[in-house]
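Only one structure is covered here, and it is reproduced in the block below.
The values are calculated or read from the model by the stated rules, or taken from the named source; none is laboratory data. Here the structure is a predicted model, which means the values were calculated and not measured. Reconstructed Cβ throughout: ideal geometry from the backbone, glycine too, with neighbour counts over all protein chains shown. Just the protein is used for accessible areas: all its heavy atoms, side chains included, with ligands, DNA and RNA removed. Shrake-Rupley method; radii C 1.70, N 1.55, O 1.52, S 1.80 Å.
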Amino acid sequence: PIMSRTLKKKKHWSTKVVECAVAWGNLGDFGSVVEILGGAELGQFPYIGQMKLDVLVCHVGKLPYYGDVLLEVNGTPVSGLTNRDTLAVIRHFREPIRLKTVKPGASSALCSHRCCWPVT
């Protein structure tokens, strides 16, 4: 009975997923406005790097933060892809694009092993 109470208190990481429809006014491609770091070739999920906040407009939801793990782009899962493949998925779509992200860390971990998460 004690274990079941503990399990009920913990929120699943999926409750912390944030979605955002983002545009950048055709000022170059998405990669010139938002840096995508990590990738399967590094043993990491793709994650958000530096962003040009003066250019980005979030139409729905809220903008991700530096270090947030990128889960989906327009409904296409990108976790487990290489950085190059993630960027190819992003380039496939016109703006605005929908991003699903989640904060890394113990409270919202997709995996309990810290080695799976990017260093921020």
Next item on the list: First select every other residue whose beta carbon is under 13 angstrom from the beta carbon of residue 38; then total the charges, Lys and Arg +1, Asp and Glu -1.
Entry: -3
Notebook entry, point to check: So what are the three principal axis dimensions of the stretch 39-92 from its Cα atoms, in whole Å, longest to shortest?
Noted result: 31, 20, 16
Margin query: Leaving ligands and nucleic acids out of the surface, order 66, 47 by accessible area at 1.4 Å, largest first.
Written below: 66, 47
Notebook entry, point to check: Going by accessible area, probe 1.4 Å, with all protein chains left in place, what is the ranking of 41, 35, largest first?
Noted result: 41, 35
